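My structure is below; once you've seen it, I'll send some questions.
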Amino acid sequence: KAGVTQTPRYLIKTRGQQVTLSCSPISGHRSVSWYQQTPGQGLQFLFEYFSETQRNKGNFPGRFSGRQFSNSRSEMNVSTLELGDSALYLCASSLVASGTGELFFGEGSRLTVL
Amino acid sequence: AQRVTQPEKLLSVFKGAPVELKCNYSYSGSPELFWYVQYSRQRLQLLLRHISRESIKGFTADLNKGETSFHLKKPFAQEEDSAMYYCALSRAGGTSYGKLTFGQGTILTVHP
């Protein structure tokens, strides 16, 4: 099975712009979660989607949003980018029915805001 | 609020020595605890979870609810154990597995 795929892998934006990141989960996985990883704050939970519904949300401003499509693919969007949004954004999928709680992570999308 | 603390950012041991990576947590409900590992140039992946009570790659971790700890141990470290290790917590029950609270991570280096 193919692993979790995230695109783009690297991108550079300027302050005030917006960005959309994409995540394709492992086939059959219906839960997709997003995390922000920075050297200072570490790994922080953004949101989780299951069957196109946001199931959990982290403590991030409304500029951060996401959605999930019927094929379980997910996107996250950050509007009005700030310098502090520079980070590695990780997507993870899980097979909820397994009950193991195991998350399968992608390689991440590295966003640099100038 | 839930919190996971890994007090050591860096941990160095020699091959064959015992290793213990510390993890303490605070959570008001019933937690599930995990250890995730990231080897060089690889993705973050699950190492073990407390419910399974397994030994994975020689590592074990016991949940101590009294001390709110979930330390990761291995009696004889190997060079291939060198990696970044994250302790993580989620709410028990299955509806929050995607929402993990991670510690800051510990970089383990095993010297030959």
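All of the numbers you see were taken from the coordinates with simple rules; none came from a lab. What you see is a predicted model; the values in this text were computed from it and never measured. Neighbour counts are summed over all protein chains in view; Cβ atoms, including those assigned to glycine, are modelled from backbone coordinates with ideal geometry.
What's the average, rounded to a whole number, of partner chain beta-carbon atoms within 10 Å of each residue's beta-carbon in B:33-46?
Shielding by partners across B:33-46 averages 3.
In whole Hz, with x marking every Gly and Pro, tabulate ³J(HN,Hα) for region B:64-77 from phi via Karplus 6.51 cos²θ - 1.76 cosθ + 1.60, θ = phi - 60°.
Karplus-based 3J(HN,Hα) across region B:64-77 equals 10, 5, x, 9, 6, 10, 8, 6, 9, 10, 8, x, 9, 5 Hz.
Now a separate question. Express in whole angstrom the spacing between the alpha-carbon centres of region A:2-68 and region B:38-112.
Region A:2-68 and region B:38-112 have Cα centres spaced 23 Å from each other.
Could I ask something else about it? As I understand it, the dipole of chain B uses +1 on the Cβ of Lys and Arg and -1 on the Cβ of Asp and Glu, about the Cα centre. Which of B:L63, B:W35, B:Q2 lies farthest toward its positive end?
Farthest towards the positive end: B:Q2.
Below 28 Å, Cα to Cα, which lysines can B:K9 reach? Residues fewer than 8 away in the same chain don't count.
Candidates past the 8-residue exclusion: A:K57, B:K22, B:K57, B:K65, B:K73, B:K74, B:K99.
Can you give the Rg to Rh ratio of chain A, both from alpha-carbon atoms, with Rh computed by the Kirkwood formula?
Computed over Cα atoms, the ratio is 0.96.
Now, a different point. For region A:47-55, take each phi angle, set θ = phi - 60°, evaluate the Karplus expression 6.51 cos²θ - 1.76 cosθ + 1.60, and give the result in whole Hz per residue in order, putting x for glycine and proline.
Running phi through 6.51 cos²θ - 1.76 cosθ + 1.60 with θ = phi - 60° gives 6, 10, 10, 9, 6, 6, 10, 6, 9 Hz.
Apply the Kirkwood formula to region B:1-40: the hydrodynamic radius equals the inverse of the mean of 1/r over all pairs of different alpha-carbon atoms; give it in Å with one decimal.
For region B:1-40, the Kirkwood estimate is 12.6 Å.
Give me the three principal axis extents of chain B from the C-alpha atoms, as integers in angstrom, largest value leading.
42, 30, 24
Just counting partner chain Cβ atoms within 10 Å, what average do the residues of peptide A:42-52 show around their Cβ?
Mean partner-chain Cβ count within 10 Å for A:42-52: 4.
What percent of all Cα-Cα pairs in the protein assembly as shown falls into each 5 Å bin, going from 0 up to the bin containing the maximum distance?
Result, from short to long distances: 1, 7, 14, 19, 18, 16, 12, 7, 3, 1, 0 percent.
Step through the residues of region B:5-13 one at a time and calculate ³J(HN,Hα) from phi using the Karplus curve (6.51 cos²θ - 1.76 cosθ + 1.60, θ = phi - 60°), rounding each to whole Hz and writing x for Gly and Pro.
10, 10, x, 9, 6, 10, 9, 10, 9
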